[in-house]
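Inspection log for the structure reproduced underneath, given as structure tokens.
Derivation of every value follows stated rules applied to the coordinates shown; laboratory data play no part. Since the model is a prediction, treat every value here as computed from it, not as a measurement. Neighbour counts run over all protein chains shown; Cβ positions are idealised from the backbone, glycine included.
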Amino acid sequence: MPRYDAVAFDLLTALLDSWTLWNGVAGSAEAGMCWRRRYLEITYGCGAYRPYETLVREAAADVGLSASCAEALERRWSELAPWPEAPEVLERLAGRLPLGVATNCSQRLGSIAAARAGGAFKVVVTAEGAGFYKPRPETYRALLQALGTRPERTLFVAGSAADVPGAHRVGMPVFWHNRIGLPASAGATPEFCEQSLHRLPDVALTLA
């Protein structure tokens with residue numbers, strides 16, 4: 001039998017190239033990175049859910065971007081695109097294991113993003129639905145409850161450095177899709193770290 005009973009994903013970085021959309025709306029890669037970095041600071045410090053759209057708007061204002069940028073990001077949300085290898089990887093996995101998502105956004109935008117990823121997800125847990133933003137443990141626990149799997153048997157595919165210790169705290173092993181070689185959080189070492197998703201099916205479907 002496979003080593004894991006399910007595979008769960010961060011959505012907006014692990015499966016989708018949200019960076020390109022943020023950069024395009026902001027007007028440059030530099031502006032997009034500043035905006036996104038500030039948004040993450042607010043989100044990680046927020047904990048309990050406040051409307052995702054509000055946090056995005058606050059972050060834009062904090063880095064000197066117009067409020068229209070936040071509105072444009074929401075309006076163009078359906079332009080989110082999966083990483084090139086993601087559809088094939090998800091197809092391979094979905095035939096063998098249930099798949100889930102835990103994502104830091106609203107229910108409405110999470111549904112749109114999950115559809116853009118193209119996966120046959122059993123569950124999609126959003127920060128709005130869980131009541132908390134990752135890396136708080138409540139969101140990961142809501143995911144595990146929805147999947148009906150034990151943490152040690154559920155592989156979490158992280159997209160951000162913060163998801164590594166976040167998933168570890170509830171007992172999930174982590175495959176970090178570290179696309180651009182970001183530095184790890186202090187003391188957080190994933191079981192697997194790759195710059196693409198190509199090896200994920202082999203890792204997830206390895207026999208125990």
**Prompt:** Given (i) 16.1, 53; (ii) 16.2, 46; (iii) 17.8, 65, which label gives Rg and Dmax of the Cα atoms in Å as computed from the coordinates?
**Reply:** (i)
**Message:** When the expected Rg is taken as 2.2 N^0.38 Å, what fraction or multiple of it is the alpha-carbon Rg of the stretch 19-78?
**Reply:** 1.01
**Message:** Among A6, L90, L73, whose Cα projects farthest towards the positive end of the dipole of the chain, with charges put on the beta-carbon of Lys, Arg (+1) and Asp, Glu (-1)?
**Reply:** A6
**Prompt:** Pairing the Cα long axis of helix 137-147 with the longest principal axis of the chain, what angle in degrees results, from 0 to 90 and rounded to the nearest 10?
**Reply:** 50 degrees
**Total charge dipole magnitude, the stretch 33-93, about the Cα centre, Cβ charges on Lys, Arg, Asp, Glu only, Debye to nearest 20** = 180 debye
**Prompt:** Hey, can you rank 15-23, 163-171, 40-48 by average C-beta count inside 10 Å, highest first?
**Reply:** 163-171, 15-23, 40-48
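So, with +1 on the Cβ of K and R and -1 on the Cβ of D and E, and no other charges, what is the size of the charge dipole of the chain about its Cα centre, to the nearest 20 debye? Each step should come with its number before you reach the end.
Details: 21 positive and 21 negative charges, 77 e Å.
Here the chain has a charge dipole of around 360 debye.
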